[in-house]
Amino acid sequence: MIAVLRQTMWSGWTDLRLVYTPTTWAFGWMVRVLCQVVFYSTLGTLLGDPDRTRFLLVGAAVFIAANETMMASASTTWERMSGTLSLLAAAPAGMVAVLAARSWFWIATGTLSSSIALLALAPFFGLRLGFGESAAAVALVFVTALTNYAVGLCCGSLALRFHGLRNVFANIALLTMTAFGGVMVPVAFWPAGLQWFAAAFPAVHGLAAVRLAIGGGSAPAVLAEAGFAFATAAGWLAVAAASLWWFQANARRTGSIDFGD
Amino acid sequence: MSAALPAFLAAARTQLGEFRREPGTLLMLVTAPFFAVILLSVTEHGGRADLAAYALLAPAVMTSVGMAVMEAGESIFRDRASGVLEAIMTTPAPLAAVLSGRVAAITAVSLLGIGECWLVGALGFGVVVAVAHPLVFALTLAAAAAGIAATGVLLAAVFVVGRNVRSFQNSLTFPLYLLGGAMVPVAFLPWGFEALSRLFFLSWATDLLRDSLSPGPVAAFWPRLGAVLGLSAVLFAAGFWLAHRLVRRVRRTGTAGFA
């Protein structure tokens, strides 16, 4: 099992090097990330409300971590494109662990770009962060990325079955979280049903934890939100694992794995 | 140039067929209502009903620009992968006509986003945005659509140049939304960015579209429309020039499949 995970993580690392070179990451992706966060933060400027500007900045920046880990949905299907899916189905190690671990690199890049966006843009939008607050924010951004990865995997397991819609699931999930998860407006703005729905997403709790940590919230309150993030992520991970396992079992039984397109 | 029009029409038809065959290509139309909810919730929560039109116009513009950027790149990538690009290059039809046909179809379909966003406002939030100056709105929208199509043609031509450029495709949307003043007028951007954005037709177009929705008079309409059209024409010219040069180079070196 350890050997399988080591190989998988190495394969993920080589995938990452195909996705970005240092140049395309810095001048492509990071420029987009910064523009995206500025785009939402200037909404606060338009409304002429400094508190709202800071709220939007934190929400938009932290959700970059959610945005990138949702890309696990598309990268789960890369095995199909590279033709290795049928080999994985035949291998004794099975594909569940491999598919679940292969996209780990989005957690790393998501944490990195989200943290850079938050810390670099904070001074421009009137958000003052001390060293302790910055460190706590980065740690909780990592928690957000890590826990949201489970949601990305769930979308990935669907994307394996419906390849043509591989970007649709992840985008809808991400935008649902962004709309109702306290990213742009407090969760309390929405009807109670939507608030409960939003609470099912780990990134919503991760973001709430970041807001508490940099807004002077108590440590137990921050840890409780982080705990909720992990608890909901466990649920999503279980669903993702079941869905991947079912995909593998079905693919082996019907021999249809290479004809999913 | 006699082959240009049939090529344009055939490319537009092919693109429409692709939308039907692969629903995933309509992703931006699926996401448009979500962006409308996100942006409108911010202005509503802020108690700024006067900005509702901004919040509903922005996702429609983003959808159109986003589709031009993403789909133009994707269609070229698919043409290259399936060997269609090589076939196009051996025909007398200019590549620019083929790219324009595809992008024109993409832009036309993307305008459905306007209706979607209006409906989100009306049905979801009870916010009905009226068009105070319909003629200004229609003319500006037509000019903006031309500019968006021009952006798509230029980018598609750039994407033909090389695969490496494609990794920037995903990164282009938000910088363009920001510089194009999709939601927040570029006058709110720091000075350097505002000056830069004034070279981009979209910043003029979005300002005019917003003005066309508000009851006050629209100042200097024709010069501003002229700016949208002029800057769009420059983009078209750049796209056509690049496509032409590219075809010449690739025909000489025979690297269509390996570029």
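The values are calculated or read from the model by the stated rules, or taken from the named source; none is laboratory data. None of the values given here were measured: they were computed from a predicted structure. Every residue, glycine among them, receives a Cβ derived from its backbone with ideal geometry; neighbour counts consider all protein chains shown. Side chains included, ligands, DNA and RNA excluded: accessible areas come from the protein's heavy atoms. Shrake-Rupley method; radii C 1.70, N 1.55, O 1.52, S 1.80 Å.
Fully extending the segment from B:Ala233 to B:Phe188, taken as 0.36 nm per residue of separation minus the present Cα-Cα distance, adds 13.6 nm. Rolling a 1.4 angstrom probe over the protein heavy atoms with all chains in place gives chain A an accessible area of 41 Å² per residue. Computed over protein heavy atoms with a 1.4 Å probe, the carbon and sulfur contribution to the accessible area of the protein assembly as shown reaches 72%. When chain A is treated as a GNM with alpha-carbon contacts under 10 Å, the residue of A:Ala101, A:Ala26, A:Ala170 showing the greatest mean-square fluctuation is A:Ala26. With the whole protein complex present, A:Arg252 retains an accessible surface near 120 Å², based on a 1.4 Å probe. For region B:63-215, the ratio of Cα radius of gyration to the globular rule of thumb 2.2 N^0.38 Å stands at 1.16. Length available on full extension from B:His244 to B:Glu22: 0.36 nm per residue minus the Cα-Cα distance, which gives 77.0 nm.
Any idea of the accessible area per residue across region B:94-156, 1.4 Å probe, to the nearest Å²?
On the way: 2170 Å² over 63 residues.
It amounts to 34 Å² per residue over region B:94-156.
Only helices enter this figure: runs of n ≥ 4 DSSP H residues, each worth -39500 (n - 2.57), summed and divided by the residues of chain A, yield -24500 deg cm²/dmol at 222 nm to the nearest 500.
All Cα-Cα separations within chain B were binned at 5 Å from zero, giving a P(r) of 1, 6, 13, 17, 18, 16, 12, 8, 5, 3, 1, 0, 0, each value a whole percent of the pairs.
Here's the picture: a label point sits 7 Å out from the Cα of B:Ala130 along the beta-carbon direction, and within region B:215-231 the residues with their amide nitrogen under 18 Å of it are B:215-218. Each of A:Ala97 and B:Glu86 was given a label point 7 Å from its Cα along the Cα-to-Cβ line. The distance between the two points is 4.3 nm. Amide H to amide H, with H built 1.01 Å from N, B:Ser214 comes under 5 Å of B:Ala132, counting only residues 5 or more places away or on other chains. Chains A and B together bury some 3100 Å² of accessible area, summed over both sides, with a 1.4 Å probe. Across region A:154-261, Cα-Cα distances exceeding 25 Å account for 35% of all pairs.
The Cα center of region B:181-247 and the Cα center of region A:111-186 differ in position by 32 Å.
Solvent-accessible surface, computed for protein heavy atoms with a probe of 1.4 Å, shrinks by 40 Å² or more for the following residues of region A:19-40 when the other protein chains are added to the isolated chain: A:Thr24, A:Arg32, A:Cys35, A:Phe39, A:Tyr40.
On full extension of the chain, what length is gained from A:Ile2 through A:Arg161, given 0.36 nm per residue of separation minus the C-alpha to C-alpha distance?
Values: separation 159, 0.36 × 159 = 57.24 nm, distance 2.75 nm.
Full extension from A:Ile2 to A:Arg161 adds 54.5 nm.
Relative to the dominant Cα principal axis of chain A, helix A:50-69 is inclined by about 10°. When only Cα pairs below 8 angstrom with a gap of at least 6 residues are kept, region B:4-253 shows a relative contact order of 25 percent. Going from the isolated chain to the complete set of protein chains, region A:148-195 loses at least 50 Å² of heavy-atom accessible area (1.4 Å probe) at A:Leu175, A:Phe189. Helix A:166-180 and the longest principal axis of the C-alpha atoms of chain A enclose an angle of approximately 30°. Taking every C-alpha pair closer than 8 Å and separated by at least 6 residues, the mean separation divided by the residue count of region A:2-256 gives a relative contact order of 24 percent.
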